[in-house]
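Worksheet: the structure to be examined is printed underneath.
The values are calculated or read from the model by the stated rules, or taken from the named source; none is laboratory data. Owing to the predicted nature of the structure, the values given are computational and were not obtained by experimental measurement. Don't worry about glycine lacking a Cβ; one is built from the backbone with ideal geometry, like all the others, and counts go over all protein chains shown. We work out accessible area using only protein heavy atoms, side chains counted, and drop any ligands, DNA or RNA first. Shrake-Rupley method; radii C 1.70, N 1.55, O 1.52, S 1.80 Å.
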Amino acid sequence: AELFDAGALFGRIEGVERMDQWNLQPGHKYWNLHVDKANRHAYDYSALLYLNSHCEDAGPCNLEADFTGGELSFQDSSSDLVVLPTAGRLVLFTSGLENLHTVHRVLNGTRYVLAMWFSCSAAEQYVHQG
């Protein structure tokens with residue numbers, strides 16, 4: 001099956017939210033459980049490319065480059081799957097109800113990620129307006 005680009009978004013999630021031109025949704029509760037397909041029906045597959053890394057509170061941590069908190073959790077009835085963000089890690093998953101997920105709150109530093117979505121329908125391919 002062929003996949004089509006359905007959009008992408010550079011994400012910045014901070015322990016202390018900045019109110020600047022890059023904060024497109026001030027006060028957005030990103031840690032709520034969700035499925036990506038509920039945001040846009042065209043999303044069949046989701047991908048996250050981490051641009052920096054999660055670090056442990058107890059270990060050495062350079063908050064100029066990395067962050068604490070911000071883990072990705074997939075919710076399952078038997079057990080949750082937690083993905084620790086690591087710079088360069090690419091996480092791919094289907095966008096429907098089978099992948100209910102959340103991002104844990106970022107406690108310190110800033111979490112950077114490139115989020116991408118793909119559709120199985122050419123009619124849903126992203127077209128840049130502008």
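Just one of (1) open to solvent by less than 70 Å² (accessible area, probe 1.4 Å); (2) at pLDDT below 90 trips up ALA6, so point out which.
The one condition ALA6 does not meet is (2).
Step by step: first the residues of the range 53-80, then only those that are hydrophobic (A, V, I, L, M, F, W, C) and surrounded by 12 or more Cβ atoms within 10 Å (Cβ to Cβ), then the one that is nearest to ALA38 (Cα to Cα). Which residue is that?
PHE74
Under 15 Å from the mean Cα position of the chain (by Cα) and among the small types (Gly, Ala, Ser) - does that describe any residue in the range 97-114?
Scanning the range 97-114 turns up no residue that is under 15 Å from the mean Cα position of the chain (by Cα) and among the small types (Gly, Ala, Ser).
So which of TYR50, TYR45 ends up being open to solvent by 80 Å² or more (accessible area, probe 1.4 Å) and at pLDDT 95 or above?
TYR45
Tell me yes or no: at least one residue of the range 55-62 is closer than 16 Å to PHE10 by Cα and not basic (Lys, Arg).
No, because not a single residue in the range 55-62 is closer than 16 Å to PHE10 by Cα and not basic (Lys, Arg).
Tell me, please, whether a residue that is out of contact with any Leu (no Cβ under 9 Å at 6 or more places or on another chain), open to solvent by 40 Å² or more (accessible area, probe 1.4 Å) and free of Cβ contacts under 8 Å to residues at least 60 places away in the same chain can be found in the range 91-106.
Yes.
State whether one or more residues within the range 83-94 are at pLDDT below 95 and aromatic (Phe, Trp, Tyr).
Scanning the range 83-94, I find no residue that is at pLDDT below 95 and aromatic (Phe, Trp, Tyr), so the answer is no.
Considering only residues that are surrounded by fewer than 18 Cβ atoms within 10 Å (Cβ to Cβ) and either of a type outside the set (Ser, Thr, Tyr) or on the phi > 0 side of the Ramachandran plot (or both), which ones fall in the range 117-130?
Within the range 117-130, CYS120, ALA122, ALA123, GLN125, VAL127, HIS128, GLN129, GLY130 qualify.
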